[in-house]
Amino acid sequence: MEQGSNFKRNNLPTVQQIRYLQELKRMGSRRGCVGMVADICGVNHGSVSRFFRTCCDNGWLTEDFQLTEAGNIWLDSYLGLQEGLKDYLRQIGIAPRDMEENVRSLIENVSYDTLAAMLRGSRSLQGTRAAGKREQNIVKDIIEYGTHQVYFVLFRQDRQSGYAASMADRGFRKPGVLRHSRRGSYLELKICEMTAVSRINGQLMAGHLETLKYEKDGMMQKAVMRDGKIRIPLEVCHLRKRQGGELRGELHVMVTCSVGRVHMPESTATLMFWL
């Protein structure tokens, strides 16, 4: 929505003003429409008249109070936003008796763009969770409960390298393990000592992987490290069932390593595994 397109002191419409246009659209332009809208909404004639004049100035109503194309878009956008907010508030547990007041407060105090972004983020998160459930169903269809060997590679994430193995790939013992049970499913990788040649003096240095982070619900989380092993929940991995029944997984990670006295900066990699 463009700056200055709304009607309150803070450039936002009221829910009542949105209803004025909604009622006008229902009845269509006709003689006495201002008074009719005022009667339906329980307000005085002047409030509706002043609002409609502002709409004319913004190009949303013609001089005879017909909705323009821009006016229809504006109205439909806010009506859709109201319904989206109701769905969102239900999902987070807002009581029905408090619904209208919460929607009114959001509409009249938060910008359209901010509210729309909030709803998009909520839908995206729901989609991610739904995808996670679908992928868990893939695991149940293919794999029996128990422990299974998995083969994996960590690839560097840069276009010049293509599918070159990351240095972090040397920090894990092959193969890995997939543990699948009713309590949960996760990928288990065992950390091992890694070596690298110093660019300064050519000496062989030894070290190990220190941290691995993965994305969950839009945030980076550090993988659990215990007894020299890292555990990654299978629900955060992108899983595919390939021809022949093979299961293939992929996950973007961030890792840090220490080699010799040097603590390597955090770098990104793509973890691919299959069984």
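Here are a few things to note about the model shown:
- Annotation: extensible slack from Glu144 through Ala117 equals 5.6 nm (criterion: 0.36 nm per residue apart, minus Cα-Cα distance).
- Multiplying the residue separation of Ala70 and Arg19 by 0.36 nm and subtracting their alpha-carbon distance yields 16.7 nm.
- Modelled label positions at Arg26 and Ser181, each set 7 Å beyond Cα in the direction of Cβ, lie 5.9 nm from each other.
- Annotation for Arg50 and Arg170: the two label points, set 7 Å from Cα along the Cα-Cβ direction, are 7.5 nm apart.
- Residues whose placed amide H lies under 5 Å from that of Ser166, excluding near-sequence neighbours: Leu154, Phe155, Arg156
- Distance (nanometres) between label positions extended 7 Å along Cα→Cβ at Lys216 and Met99: 3.3 nm
No lab work stands behind these numbers, since they all come straight from the coordinates. These numbers come from a predicted model, not from an experiment. Note that each Cβ is placed from the backbone with ideal geometry, even for glycine, and that neighbours are counted across all protein chains shown.
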